[in-house]
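Written below as structure tokens is the structure these notes are about.
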Amino acid sequence: MTTPIPDDKSCLLLVEGADDEAFFSQLVSRLNHPQASQLHIMTYGGKDQLSERLREYMRDPNFKHISRLGIVRDQDFNTHAFNSVLTHIRRANRRNTRKLPYPKYPRQLSIGYPQVAVLLLPSDDREGMLEDLVLDMVSEDPIMACVENYFCCLKEKQVDIQHNMDRLPKAKVRVFVNGKNVERKNSNRKEATRISLQYIFTARWWQEAFWDHVCLKQAKAFLSHLLAP
């Protein structure tokens, strides 16, 4: 059973997991949008569970107050992520008194009620995941050169990186975070054991300037569009 939708929200953002929830919570707070308080972020537990979660949310009594619904999904690799989301919407609509409309393109609000929009990460035209976006955010950090050298070394040692591309972004984030946590002045003992994205956004070494990176332009525009009156 999903967590009930609060009765004072008009905008719902569905994300895959806890890392995404932490990321978008931080990103929304930096928009300083006048309607930000109307947005509620909920997880659906992974792309394979989206239709089931949608069905449950649509049956929530407070769903009638939701005028805009945003769905965030990783592009992943060799998948048709946007069409997959539409398929899950169709499945959720079956045997359901409420029906969700379909957006025609990513980031575009659908016609109907509630209006529905889909955001793909790291972007519409690029395969990957949230971790790719985070790696873009920290790309100017000096430690990233060490991270890239490490994976180049693995490749030279015949580690099959090319056929494990779906694991590479997460692996790079782990190496980067471990590098930042080596210095005790940058992290306490508790922080040094936490390398999930949901924890690093509040780590001592995380820089506010990371949230100004140009790679976030699409995600910020999506949220602003979702929150517009």
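The values are calculated or read from the model by the stated rules, or taken from the named source; none is laboratory data. Just so it is clear, the model here is predicted, and its values are computed rather than measured. Here the Cβ positions follow ideal geometry from the backbone for every residue, glycine too, while neighbour counts run over all protein chains shown. In case anyone asks, the SASA skips ligands and DNA or RNA and just uses the protein heavy atoms, side chains included. Shrake-Rupley method; radii C 1.70, N 1.55, O 1.52, S 1.80 Å.
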Kindly provide the set of residues from the stretch 50-67 that are more than 16 Å from PRO114 (Cα to Cα) and buried (at least 21 other Cβ atoms within 10 Å of the Cβ), ordered by number.
LEU50
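Could you tell me which of the residues GLN198, GLN158 is at pLDDT below 95, of a type outside the set (A, V, I, L, M) and at positive phi? Break it down into steps so the answer makes sense when it comes.
Working: GLN198 fails: at positive phi.
Among GLN198, GLN158, only GLN158 is at pLDDT below 95, of a type outside the set (A, V, I, L, M) and at positive phi.
Is it the case, given these coordinates, that VAL177 is modelled with pLDDT of 85 or more, among the β-branched types (Val, Ile, Thr) and surrounded by 12 or more Cβ atoms within 10 Å (Cβ to Cβ)? Let's see the steps before the verdict.
Numbers: modelled with pLDDT of 85 or more: yes; among the β-branched types (Val, Ile, Thr): yes; surrounded by 12 or more Cβ atoms within 10 Å (Cβ to Cβ): yes.
Yes: the conditions hold for VAL177.
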Of those in the stretch 102-112 that are out of contact with any Leu (no Cβ under 6 Å at 6 or more places or on another chain) and of a type in the set (Ser, Thr, Tyr), the residue nearest to LEU227 (Cα to Cα) is SER110
Condition (residue is closer than 19 Å to LEU226 by Cβ and touching a Pro at 6+ places or on another chain (Cβ under 8 Å)) applied to the stretch 30-45: is it met by at least one residue?
yes
Is there a residue being assigned to a helix (DSSP H, G or I), farther than 24 Å from LEU197 by Cα and open to solvent by less than 60 Å² (accessible area, probe 1.4 Å) anywhere in the stretch 28-35?
no
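Find the residue count for the stretch 102-154, including only residues that are among the hydrophobic types (A, V, I, L, M, F, W, C) and either surrounded by fewer than 15 Cβ atoms within 10 Å (Cβ to Cβ) or in a loop (DSSP other than H, G, I, E, B) (or both).
Let us first name the residues in the stretch 102-154 that are among the hydrophobic types (A, V, I, L, M, F, W, C), namely 109, 111, 116-121, 129-130, 133-135, 137-138, 143-147, 151-154.
Filter once more, so that each one left must be either surrounded by fewer than 15 Cβ atoms within 10 Å (Cβ to Cβ) or in a loop (DSSP other than H, G, I, E, B) (or both): 109, 111, 129, 138, 145-146, 152-154.
Residues in the stretch 102-154 being among the hydrophobic types (A, V, I, L, M, F, W, C) and either surrounded by fewer than 15 Cβ atoms within 10 Å (Cβ to Cβ) or in a loop (DSSP other than H, G, I, E, B) (or both): 9 in total.
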What are the residue pairs meeting all of these: first residue in the stretch 89-114, first residue touching a residue at least 40 places away in the same chain (Cβ under 8 Å), second residue open to solvent by 40 Å² or more (accessible area, probe 1.4 Å), Cβ atoms under 7 Å, and 6 or more apart or on different chains?
ALA92/ARG55; ASN96/ARG55; ARG107/ASP124; LEU109/GLN115; LEU109/HIS225; TYR113/SER67; PRO114/SER67
Name the residue that is farthest from the chain's Cα centre (by Cα), counting only residues in the stretch 68-101 that are open to solvent by 10 Å² or more (accessible area, probe 1.4 Å), within 25 Å of PRO229 (Cβ to Cβ) and at pLDDT 95 or above.
PRO101
Pairing a residue in the stretch 28-51 that is charged (D, E, K, R) with any residue that is open to solvent by less than 20 Å² (accessible area, probe 1.4 Å) and outside any helix (DSSP H, G or I), where Cβ atoms lie under 7 Å and the two sit 6 or more apart in sequence or on different chains, gives LYS47/ARG73
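Using the structure shown, decide if LYS170 is under 27 Å from SER29 (Cα atoms), in contact with a helix residue (DSSP H, G or I) (Cβ under 6 Å, 6 or more places away or on another chain), open to solvent by 10 Å² or more (accessible area, probe 1.4 Å) and at pLDDT below 95. Even if it seems obvious, please write down each step before you answer.
Details: under 27 Å from SER29 (Cα atoms): yes; in contact with a helix residue (DSSP H, G or I) (Cβ under 6 Å, 6 or more places away or on another chain): yes; open to solvent by 10 Å² or more (accessible area, probe 1.4 Å): yes; at pLDDT below 95: yes.
When the stated conditions are applied, LYS170 passes them.
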